[in-house]
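So the structure is just underneath, and the comments pick up after that.
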Amino acid sequence: MIFVRVENRMYVSSSSRYIGLDLFRVVAIYGVVLYHFYSIAGSHPSLHWLIRLRDCTFPFFVISSFFVLTISFERNQERSFREFFLRRFLRIWIPFIIWTVLYLGFWNVFAPLIRREPINWHSSLAMLLSGYSHLWFLQFIFIGSLLLFPLLRFFTRNKQFYWQFSLLCFTTGLLLMFFLRPLLIDHINCGWLPQLDGNLRGFIERTINYLPYIPLAIGIGLLADEIVALYRRRLFRTLTLLAVAVWMCIYLGIPAIPFNREVYSLVVFVALLRPLAKFSFRSLCTIAEYSYAIYILHMWILLITVSVLYRAGIGKTAGIVITGSIIIFGLSLLISALLRKLFPWDWFLPSIPINCGNQHSMELRH
């Protein structure tokens, strides 16, 4: 590992950085598929512990998105807003709208016509703002990144204040978590939110729920080099692993602790920043590259699978949930790979560039 001191900050060679993030993408995307199948197909009490164990997986995607965005701004401070907007527009918003329209066309128009049911056009139009079901996340990171552009550029152009900026971000995240988020949730539930379309209401609720992770991710990103430098010390490496083990037990055993999930997710994320040696698990790298494509496609396969199970009268046992989620994950990966071969464009189905064992990825090519 190579350390270079620049402007009183410790920079670590990228050749061994963030491999843990790339590997965990495989676990995280399966965790998302598992939860969606578990919640839609029918929950099973014996799997409750497994669902809680994977509760850090979706926060991981939120944190990693804005963490890597911060690192990207640090490395390219001269980009214009126009350049940034066009890149994000093509790689995030265009796939968001394409796949929302495709999902809508099949499930909200074609399927009702086959069943001779009325089409809910009002709900369909609202989805163009919120995204179809799980696709809300693409709209979330697209809008969030655009709003944060001036702030991130200011932070990364003033490196002498990184500690102060990071402290500000952590404080903002805690304030959002402890005070603003509960107030917003109470306000919208008692006011206008119940009157909105269900999909748009879900988008707003999820945005408020995951909002605190954004400043926390930026705060970690601003101190990323210091964190990697700390990993040189055996005590810090040991403490991060111990923190993950302890908080995992707390999260599974004492679910009533406030903000338990947020702490659990952050502890896991910091542990994943540990520099790792080069690895040769090419298959894991490939799955990680397709993680966003799997996220986009899996809901289609999942809904078909649930429909087949319902018609066949197959019960929702623990074995069905585990087996079904693995099959959905595998089919989503296979179809993602085939579609990327046929249509190798990130504006259609984005991939995450991962240089296996050489450099950490820049998620969605920020």
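The values are calculated or read from the model by the stated rules, or taken from the named source; none is laboratory data. All of these numbers come straight from a predicted model, not from anything done at the bench. Don't worry about glycine lacking a Cβ; one is built from the backbone with ideal geometry, like all the others, and counts go over all protein chains shown.
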**Request:** State whether the residues of the range 9-26 include one that is at pLDDT below 80 and of a type in the set (D, E).
**Result:** no
**Fill in**
Residue pairs qualifying under the 7 Å Cβ cut-off, at least six apart or on distinct chains, with the first in the range 302-330 being without any contact (Cβ under 8 Å) to a residue 24 or more places away in the chain and more than 11 Å from I40 (Cα to Cα) and the second being surrounded by 14 or more Cβ atoms within 10 Å (Cβ to Cβ) and of a type in the set (A, V, I, L, M, F, W, C), are I314/I320
**Prompt:** Do we have G173 as assigned to a helix (DSSP H, G or I), within 22 Å of the chain's Cα centre (by Cα), within 18 Å of F67 (Cα to Cα) and small (G, A, S) here?
**Reply:** yes
**Item:** Within the range 22-115, helices (runs of 4 or more DSSP H) holding 1 or more residues that are small (G, A, S)
**Value:** 57-75, 111-114
**Message:** List the residue pairs whose Cβ atoms are under 9 Å apart, where the first residue sits in the range 241-263 and is surrounded by 12 or more Cβ atoms within 10 Å (Cβ to Cβ), the second is assigned to a loop (DSSP other than H, G, I, E, B) and not charged (D, E, K, R), and the two are 6 or more positions apart or on different chains.
**Reply:** I250/I257; Y251/I257; F259/P212; N260/I254; E262/P212; V263/I257
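Taking the options F140, F170, F96, F179, name whichever one is more than 30 Å from W300 (Cβ to Cβ) and at pLDDT 95 or above.
Values: F140 fails: more than 30 Å from W300 (Cβ to Cβ); F96 fails: more than 30 Å from W300 (Cβ to Cβ); F179 fails: at pLDDT 95 or above.
Going through F140, F170, F96, F179 in turn, the sole match is F170.
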**Request:** Would you be able to say whether some residue in the range 59-66 is more than 16 Å from the chain's Cα centre (by Cα) and in contact (Cβ under 8 Å) with a residue 12 or more places away in the chain?
**Result:** no
**Fill in**
Subset of the range 268-296, residues free of Cβ contacts under 8 Å to residues at least 60 places away in the same chain and buried (at least 20 other Cβ atoms within 10 Å of the Cβ), comes to A293
